[in-house]
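Bear in mind these aren't lab numbers, they're just calculated from the coordinates by the rules spelled out. Computed from a predicted structure; not experimentally measured. Positions of Cβ are generated from backbone atoms using ideal geometry, with glycine treated the same way; all protein chains shown enter the neighbour counts.
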Amino acid sequence: MSKPVEVSIVLPIYNEEKNIKELHSRITKVMQELGREYEIIAVDDGSSDSSFDVLRELHQKDSRLIAIKFRRNFGQTAAMSAGFNHAKGNIIISMDSDLQNDPVDIPRLIDKLEEGYDLVSGWRADRKDKFLSRRLPSILANKLIVRMTGVDIHDFGCSLKAYRKEVTDNIHLYGEMHRFIPALAKWVGAEIAEIKVEHHARKYGKSKYGISRTTRVILDLITIKFLLTFSTRPIQIFGKMGIISGGIGFIICLYLSIGKIFFPSEATSLTKRMPMLLLGILLILVGVQFISMGLLGEVMVRTYHESQRKPIYFIREKLDNNDEE
Ligand code: UDP
Ligand code: MG
């Protein structure tokens, strides 16, 4: 029986056939120099190229490489989540599989983690991507995320990170939430650090994302902000908005009613007051909606916390010599 795994390296892979071999050999070199027991968990996120064939071939030679293939493309977040769920090490490293992140940084991430942090995030200080379409939106997004989540790091988008197992066990990823792992980790009480890491331009294959991710990031950010602050008390935020809106609507309608009943002779022709009346009714209705949403939210929060959690992916096959079945 081999020694227990200490470090698990999680690789989300989507159409990276040309990168996998070199990545594998670079990781192997770094990890062997480090001298820790490790495993590589490669998750093929439904690639349409030969990525999984390459993984199969590598797996035959290297039993430290565990390969998982999704039934279809579930997205980078799901791929990372699958890797986390199958990791056996107490330290987990995630990184991109396109050679943009460099395995040489892994030992430094681990050292920092062992200074007593739960999550160490890479910071691509010298990022090799296009400025206008990639780096500028990223700088703005990072500023916004820091503001909203209170996690003070420079580069949420960097996949190269080290985590303690407790962190990955306790955060549940949905949608495209992998970018917000530090924020989610903070939510479960993790100590977070950041170190500068290498970054290279992509040599083979194409980036899987374009500028369209901006809107997705913003929507995810709203979700995160909500999760971080109000997820256990939704009535507190929706109820407040409901009371404000309903209250203003009520005052408007009251004012109109008083005018109608007590001063009918004044210039109260209905047509003139119509916009006010509509506004009043609208605000009351919206207020009622908000409060009902808050109450529904309260019910859902309870269901969420009390029901069992289901995985967000389906695995087609898993190559793992240690799995006897
Ligand atoms: N990836 C994935 N599933 C997807 C999209 C991307 O597993 O649906 C992987 C991809 O293979 C790479 C990493 O996630 O290893 C980061 O993707 P990419 O390099 O395209 O992002 P960028 O570096 O351009 O932000
Ligand atoms: Mg990349």
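Values computed for the structure shown
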quantity: Label point 7 Å beyond Cα of Glu57 along Cβ direction - residues of the stretch 12-28 with amide nitrogen under 15 Å; calculated: 16-25
quantity: Euclidean distance of C-alpha centroids, the stretch 213-237 and the stretch 1-45, integer Å; calculated: 34
quantity: Computed E for Tyr209/Phe250 - FRET, C-beta separation, R0 51 angstrom, nearest 0.05; calculated: 0.60
quantity: Positive minus negative residues near Tyr117 (Lys, Arg vs Asp, Glu; Cβ under 10 Å); calculated: -3
quantity: Ranked packing of 6-13, 45-52, 57-64, 119-126, most packed first, by mean Cβ within 10 Å; calculated: 6-13, 119-126, 45-52, 57-64
quantity: Hits among lysines - C-alpha to C-alpha of Lys3 under 17 Å, sequence gap 8 or more where chains match; calculated: Lys88
quantity: Acute angle (nearest 10 degrees) that the helix 213-230 long axis makes with the longest principal axis of the chain, alpha-carbon atoms; calculated: 70
quantity: Cα gyration tensor shape for the stretch 65-198, rounded if a/c is under 1.5, else prolate or oblate; calculated: rounded
quantity: Rg in Å to one decimal, and Dmax rounded to a whole Å, for the stretch 183-241 via C-alpha atoms; calculated: 17.2, 52
quantity: Overall dimensions of the chain by Cα: Rg and Dmax, Å; calculated: 25.7, 96
quantity: Shape call, the stretch 141-198: gyration tensor on alpha carbons, a/c limit 1.5; calculated: rounded
quantity: Label-point gap, in nm, between Lys29 and Arg135 - each point 7 angstrom along Cα→Cβ; calculated: 2.6
quantity: Helix 136-149 axis, angle to the chain major axis (alpha carbon atoms, nearest 10°); calculated: 70
quantity: Computed label-point distance, nm, for sites Lys21 and Arg216 using a 7 Å Cα→Cβ extension; calculated: 3.0
quantity: Between helix 76-86 and the chain: long-axis angle, C-alpha atoms, 0 to 90°, nearest 10; calculated: 60
quantity: Eligible lysines near Lys260 by straight Cα distance, threshold 16 Å, same-chain separation 8 or greater; calculated: Lys272
quantity: All lysines inside 16 Å of Lys161 as judged from Cα atoms, apart from same-chain residues fewer than 8 positions distant; calculated: Lys112, Lys186, Lys196
quantity: Ellipticity estimate at 222 nm from DSSP helix runs (n ≥ 4, -39,500 (n - 2.57)) divided over the chain, nearest 500; calculated: -16000 deg cm²/dmol
quantity: Cα gyration tensor, the stretch 126-236 - rounded (a/c under 1.5), prolate or oblate; calculated: prolate
